[in-house]
């Protein structure tokens, strides 16, 4: 079985003073949170790679909204203009891509999703898996054209089953009319996108990167995103997430 890592990178450019690079691994924090909140859809598993380590095993159960939502928000060490979120995602061979679903991302103190209103200090940037193993960016930014997030799709499938996937997502924000530019790289292939995010109104720090978004589910928000049996009944798919690390500059 092949092993590939998944990395999401978010950079926000500014002239702000550098406060030093900080690195924090959130894997154990996430596991403890899910254990404390109960439920049996998130469990601990162990990865026997170069060393034995804990990982987050998630069972996604199909339903009318796509699936159950495994969602939490973790504050970073501090607000920052530049951050790198990295993590690994394993899709087993029987995983159903269907139409896709959400993975991890980054946002400000008050990230927005689920059709919410975007402002200069309320936005979000996430990665999605899509049908057939494609990927996309998913941004709640000022120039999105509908109630929902703005996406830029890969031109071909970039994700693999039966192995770890490596993704990097680089996003640069600017205070002027340029807005932002981003580069999503999956297993060596890239998708370029742009979106308007201005974290500079009133108390500008509220719009800076401050939050790790752990949003793992199928959807969308309808049953056609859900995994099913050959008979059309709702079924379940599992994924494993590991090495959830944020580096802030």
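Is it the case that residue 148 is within 17 Å of the chain's Cα centre (by Cα), surrounded by fewer than 17 Cβ atoms within 10 Å (Cβ to Cβ), more than 29 Å from residue 93 (Cβ to Cβ) and modelled with pLDDT under 95?
On the way: within 17 Å of the chain's Cα centre (by Cα): yes; surrounded by fewer than 17 Cβ atoms within 10 Å (Cβ to Cβ): yes; more than 29 Å from residue 93 (Cβ to Cβ): yes; modelled with pLDDT under 95: yes.
So residue 148 passes the test.
Just the residues that are at pLDDT 70 or above and either more than 27 Å from residue 245 (Cβ to Cβ) or part of a loop (DSSP other than H, G, I, E, B) (or both), please, taken from the range 187-210. Let's see the steps before the verdict.
Here is the first cut: in the range 187-210, the residues at pLDDT 70 or above are 187-193, 206-210.
Result: 187, 188, 208.
Looking for something assigned to a strand (DSSP E or B), in contact with a helix residue (DSSP H, G or I) (Cβ under 7 Å, 6 or more places away or on another chain), at pLDDT 85 or above and surrounded by 13 or more Cβ atoms within 10 Å (Cβ to Cβ) - is there at least one such residue anywhere in the range 20-43?
Step one: list which residues in the range 20-43 are assigned to a strand (DSSP E or B), which gives 22-25, 42-43.
Now narrow it down to the ones that are in contact with a helix residue (DSSP H, G or I) (Cβ under 7 Å, 6 or more places away or on another chain): 42.
Remaining after also requiring at pLDDT 85 or above: 42.
With the extra rule that they be surrounded by 13 or more Cβ atoms within 10 Å (Cβ to Cβ), the set shrinks to 42.
Yes, there is a match, as at least one residue in the range 20-43 is assigned to a strand (DSSP E or B), in contact with a helix residue (DSSP H, G or I) (Cβ under 7 Å, 6 or more places away or on another chain), at pLDDT 85 or above and surrounded by 13 or more Cβ atoms within 10 Å (Cβ to Cβ).
One line per residue, one yes/no per condition, for (1) closer than 24 Å to residue 248 by Cα; (2) crowded, with 22+ Cβ neighbours inside 10 Å; (3) modelled with pLDDT of 85 or more:
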| position | (1), (2), (3) |
| --- | --- |
| 129 | no, yes, yes |
| 132 | no, no, yes |
| 135 | no, yes, yes |
| 143 | no, no, no |
| 163 | no, no, yes |
| 167 | yes, yes, no |
| 171 | yes, yes, no |
| 175 | yes, no, no |
| 185 | yes, no, no |
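Please list, ordered by residue number, the strands (runs of 3 or more DSSP E) wholly in the range 84-170 having 3 or more residues that are closer than 16 Å to residue 215 by Cα and touching a helix residue (DSSP H, G or I) at 6+ places or on another chain (Cβ under 6 Å). Give the derivation first.
On the way: elements: 100-107, 124-130, 135-140, 150-153, 163-165.
Ranges flagged: none.
Could you run through the range 220-249 and say how many residues are within 30 Å of residue 120 (Cα to Cα), within 14 Å of the chain's Cα centre (by Cα) and either at pLDDT 95 or above or surrounded by fewer than 22 Cβ atoms within 10 Å (Cβ to Cβ) (or both)?
Of the residues in the range 220-249, the ones within 30 Å of residue 120 (Cα to Cα) are 220-222, 244-249.
Then drop every residue that is not within 14 Å of the chain's Cα centre (by Cα), which leaves 244-246.
Applying the additional criterion that residues be either at pLDDT 95 or above or surrounded by fewer than 22 Cβ atoms within 10 Å (Cβ to Cβ) (or both) yields 245.
Residues meeting the conditions: 1.
The values are calculated or read from the model by the stated rules, or taken from the named source; none is laboratory data. This structure is a prediction, so every number in the text was calculated from the model and none was measured. FYI the Cβ positions are ideal-geometry reconstructions off the backbone, even for glycines, and counts take in every protein chain you see.
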